[in-house]
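Note sheet for the following structure.
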Amino acid sequence: MDKYQKMVFGVVIFLAVALTIIFNMDLSGHDIKYYDDKISINVDNVKFSEIENIELLDDVFIGSKIKGSNTFTYSRGTFNLGNNTSGKVYVYNKSKPYIRITTKDKVIIYNDKDSNETKETYNKLLSVSNIKPSIISTNNKINESSEIKYKSNNSSAVYTTVIPLILIYGGMSIYSFKKKTPVHFWAGSVVKSEEITDIKAYNKANGIMWLVFCVLIVSTLFISLPSLAVIFIISEVIGMMICYTYIYKKYKVKR
């Protein structure tokens, strides 16, 4: 691997890590705002008169995402909550306990980043809504599971696209490193041995390219929004085209 290839590899890995971190950052946050006759959590408004129960739970079941965001850090939006029900979720994934607010027509699961803050929020909700506290017990937990589950129906298309690409990119990388004659990139094309000045270096450069983009494609699995993942994949394909064009021109016999 020459100096230029090391530099490209380093930059690509850095970008993959940086983009994964950015896509999972909590840039907006969520909290409860209190008013005379209601509370609001982001776009959801709940009147005190509609609240039937407020529970503080050690564990809740959160199933597949219907609409919203689901990252390593937080889950926000509409999710399946088990027992053929859905509800709004505003939780930090690594934080316990959870507050479950049940109204006449919806369920909201909520917590704060800090467990003590969640307990304070729970006590304040009880105070302002005049709801009697629920005893924390296993009876209060949703029966689907004793732990949180995070799935995403919306991202299934991304997974079914990404996994085959990972296998293809990884396979092409190994193939390029092992091939004795020049590898080709474009479908239906053939790169003849007499076209390339250094076949071993040319194939090695192609192998590194496939490996780098294989790592990049893996990072799309951590992007919470399917639309962003699709854009990322398309950008990678364009990047590969540009990268291969550079490799071919570098090792092409000058006439």
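The values are calculated or read from the model by the stated rules, or taken from the named source; none is laboratory data. Please read all numbers here as calculations on a predicted model, not as lab measurements. Here Cβ is always computed from backbone atoms with ideal geometry, including for glycine, and neighbour counts include all displayed protein chains.
Some notes on this structure:
- Filter result for N123 (out of contact with any Lys or Arg (no Cβ under 9 Å at 6 or more places or on another chain), under 20 Å from K38 (Cβ atoms) and not assigned by TED's automatic domain parsing to the domain that holds S219): yes
- Checked against (1) in a helix (DSSP H, G or I); (2) surrounded by 15 or more Cβ atoms within 10 Å (Cβ to Cβ); (3) without any contact (Cβ under 8 Å) to a residue 40 or more places away in the chain, N206 passes all but condition (3).
- Count of region 38-73 residues which are aromatic (F, W, Y) and closer than 13 Å to I109 by Cβ: 1
- Restricted to region 159-196, and to residues there that are of a type in the set (F, W, Y) and crowded, with 16+ Cβ neighbours inside 10 Å, the residue that is nearest to V253 (Cα to Cα) is F185.
- Verdict on S134 being out of contact with any strand residue (DSSP E or B) (no Cβ under 7 Å at 6 or more places or on another chain) and either under 30 Å from M241 (Cβ atoms) or modelled with pLDDT under 90 (or both): no
Here is a yes/no grid of residues against (1) modelled with pLDDT of 90 or more; (2) in contact with a helix residue (DSSP H, G or I) (Cβ under 9 Å, 6 or more places away or on another chain); (3) assigned to a helix (DSSP H, G or I); (4) of a type in the set (D, E):
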| position | (1), (2), (3), (4) |
| --- | --- |
| K67 | no, no, no, no |
| K119 | yes, no, yes, no |
| N139 | no, no, yes, no |
| S146 | no, yes, no, no |
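- Test: residue in region 83-93 that is among the β-branched types (V, I, T), closer than 30 Å to I233 by Cβ and either modelled with pLDDT of 90 or more or surrounded by 17 or more Cβ atoms within 10 Å (Cβ to Cβ) (or both): yes
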